[in-house]
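Report on one structure; see the data block that follows.
The values are calculated or read from the model by the stated rules, or taken from the named source; none is laboratory data. Treat the numbers as computed from the prediction; the structure is a model and nothing was measured. Ideal geometry is used to build each Cβ from the backbone, glycine not excepted, and the neighbour counts take in all protein chains shown. What goes into the accessible areas is simple: the full protein's heavy atoms, side chains included, and nothing from ligands, DNA or RNA. Shrake-Rupley method; radii C 1.70, N 1.55, O 1.52, S 1.80 Å.
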Amino acid sequence: MTNADLLYLDFLLDYKKYFDIPESCTEGEVNKIEKELKIKFPRAYRELYLLLGKKRAFRIAPENGYKFPEYKEMQAGAKEITDRNGITLDYDNIFVFVVFKENAVVSFFRLDEGDDPPVYEYEGGSEEYEQVTDRFSDYIKRMGWYEGFVLLKRDKDAGRL
């Protein structure tokens with residue numbers, strides 16, 4: 001996979017190379033996941049799978065309480081959290097990609113908000129969910145594992161490592 005193939009997550013190519021991550025998904029594998037879930041992922045989320053593979057992409061947040069391929073279980077966990085707290089979400093039009101059960105945090109994007117959609121989160125006890133980034137690609141850039149890589153690479157490039 002090259003920069004030319006990527007529209008939103010090309011910055012992860014350096015991460016993948018730096019940590020020598022051989023896993024990735026083929027277009028066919030991503031299509032199969034989408035078919036099983038009866039949805040179409042936004043392009044940015046597809047790129048995550050194409051770059052990092054299904055297990056890493058599924059667990060982009062280390063606090064996610066589910067393992068690949070527990071999509072339906074994760075969705076049910078999110079619904080339990082939001083229903084219990086009186087939060088109404090259109091589960092036919094969102095894709096939940098992180099559920100942190102212990103803190104009742106649910107991260108999701110809407111399936112009709114473009115190829116690099118905004119990310120929303122609900123945190124237990126809140127009265128409403130909120131938009132946390134304007135784009136999924138920005139959400140990835142703020143993940144601790146990616147921010148740590150940026151600092152590590154900067155220090156290595158500067159000769160401090």
Among the residues of region 101-120, the number that are charged (D, E, K, R) and modelled with pLDDT under 95 is 2
For the list (1) assigned to a loop (DSSP other than H, G, I, E, B); (2) more than 20 Å from M143 (Cα to Cα), I need the number of the one condition that G77 fails.
(1)
The one condition in (1) surrounded by fewer than 18 Cβ atoms within 10 Å (Cβ to Cβ); (2) touching a residue at least 12 places away in the same chain (Cβ under 8 Å) that Y15 fails to fulfil:
(1)
Cβ-Cβ distance below 7 Å, separation of 6 or more or different chains: which pairs start in region 57-68 with a residue that is in contact (Cβ under 8 Å) with a residue 24 or more places away in the chain and end on one that is open to solvent by 80 Å² or more (accessible area, probe 1.4 Å) and outside any loop (DSSP other than H, G, I, E, B)?
G65/K101; Y66/E73
Quick check: anything in region 30-38 surrounded by 15 or more Cβ atoms within 10 Å (Cβ to Cβ) and of a type in the set (K, R)?
no
Just for region 121-158: of the residues that are among the polar types (S, T, N, Q) and either assigned to a helix (DSSP H, G or I) or over 21 Å from the mean Cα position of the chain (by Cα) (or both), which one is modelled with the lowest pLDDT?
S126
Within the set of pairs 6+ apart or on separate chains, which have a first residue in region 76-95 that is among the hydroxyl-bearing types (S, T, Y), a second that is surrounded by 15 or more Cβ atoms within 10 Å (Cβ to Cβ) and part of a loop (DSSP other than H, G, I, E, B), and C-beta atoms under 8 Å apart?
T82/L89; T82/Y129
I'm told T88 meets every condition in (1) loosely packed, with under 15 Cβ neighbours inside 10 Å; (2) of a type in the set (V, I, T); (3) not in a loop (DSSP other than H, G, I, E, B) except one. Can you identify the failing condition by its number?
(3)
Name the residue, out of Y49, Y71, Y66, that is closer than 25 Å to Y18 by Cβ, among the hydroxyl-bearing types (S, T, Y) and surrounded by 15 or more Cβ atoms within 10 Å (Cβ to Cβ).
Y49
All positions within region 61-91 that are of a type in the set (D, E) and either on the phi > 0 side of the Ramachandran plot or out of contact with any Phe, Trp or Tyr (no Cβ under 9 Å at 6 or more places or on another chain) (or both)
E80, D83, D90
Per the filter on region 102-120, residues assigned to a strand (DSSP E or B) and open to solvent by 40 Å² or more (accessible area, probe 1.4 Å) are R110
Single residue of region 94-139 satisfying the filter (in contact with a helix residue (DSSP H, G or I) (Cβ under 6 Å, 6 or more places away or on another chain) and among the aliphatic types (A, V, I, L, M)) that is nearest to Y8 (Cα to Cα)
V119
Cβ contacts < 6 Å: first residue hydroxyl-bearing (S, T, Y), restricted to region 124-149; second residue open to solvent by 50 Å² or more (accessible area, probe 1.4 Å), any location; separation 6+ or different chain. Result?
S137/Y8
